[in-house]
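Novice: Sharing a structure here in structure tokens format.
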């Protein structure tokens, strides 16, 4: 999985450099972003209420036309979970009820479409690389898969040189690496602010 993640990052980086080189005459923006997350992990092993986390990172906005933009990003996020009371019945090696923290490096490649002067819709794929996880299993084994592929959709509103955004992220693959009894998929709501640097 580490080899796959490295190849994915290398390929994505090469594509982005080629695209930015071909479109630089049309304009681009480079900036930073940060905000809050509301997150839950689908599956009976976890509390199904949304928990709060955060994210921070950077973005590039490449203008392809008057209405169309390419928005590749890289950002770090921390997702906080609470295991359910019955988790020991689903996973015999699991510790008792506890809070769990997952730290991801996320790489979305989004396409933006301007529907008004300052309002854009964005959507596209995202790949998340699990950097660290809180200990869920008592035997020291990993409970979560290292890769998470998702689809992202949302809206972005620009004013006074900055942008505010809201997005919904739906996990497409099962990240459960502890048991085959059920599937675990991420659901995340992002709210944040983006500041252009260039």
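The values are calculated or read from the model by the stated rules, or taken from the named source; none is laboratory data. Computed from a predicted model, the values in this text were never measured in an experiment. When we count neighbours, we look across all protein chains shown, and the Cβ atoms used for this are built from the backbone with ideal geometry, even at glycine.
Novice: Could you run through the stretch 169-198 and say how many residues are surrounded by 14 or more Cβ atoms within 10 Å (Cβ to Cβ) and part of a strand (DSSP E or B)?
Specialist: 14
Novice: Taking the condition closer than 15 Å to residue 43 by Cβ and under 18 Å from the mean Cα position of the chain (by Cα), does residue 171 pass?
Specialist: yes
Novice: Just the residues that are surrounded by fewer than 19 Cβ atoms within 10 Å (Cβ to Cβ) and in a strand (DSSP E or B), please, taken from the stretch 64-74.
Specialist: Scanning the stretch 64-74 gives 68, 74.
Novice: Of the conditions (1) modelled with pLDDT under 95; (2) in a strand (DSSP E or B), residue 152 fails just one. Which one is it?
Specialist: Unmet condition: (1).
Novice: Is it the case that residue 127 is modelled with pLDDT of 75 or more and crowded, with 17+ Cβ neighbours inside 10 Å?
Specialist: It is true that residue 127 is modelled with pLDDT of 75 or more and crowded, with 17+ Cβ neighbours inside 10 Å.
Novice: Only residues that are farther than 18 Å from residue 36 by Cα and over 17 Å from the mean Cα position of the chain (by Cα): list them for the stretch 139-157, please.
Specialist: Selection gives 139, 140, 141, 142, 143.
Novice: Based on this model, can you work out whether residue 132 counts as surrounded by fewer than 13 Cβ atoms within 10 Å (Cβ to Cβ), modelled with pLDDT under 90 and part of a strand (DSSP E or B)?
Specialist: yes
Novice: Residue 157 - would you say it is touching a helix residue (DSSP H, G or I) at 6+ places or on another chain (Cβ under 7 Å), in contact (Cβ under 8 Å) with a residue 12 or more places away in the chain and outside any loop (DSSP other than H, G, I, E, B)?
Specialist: no
Novice: Can you find, within the stretch 38-63, the residue that is modelled with the lowest pLDDT among those that are surrounded by 15 or more Cβ atoms within 10 Å (Cβ to Cβ) and not in a strand (DSSP E or B)?
Specialist: Once the filter is applied, the top-ranked residue is 45.
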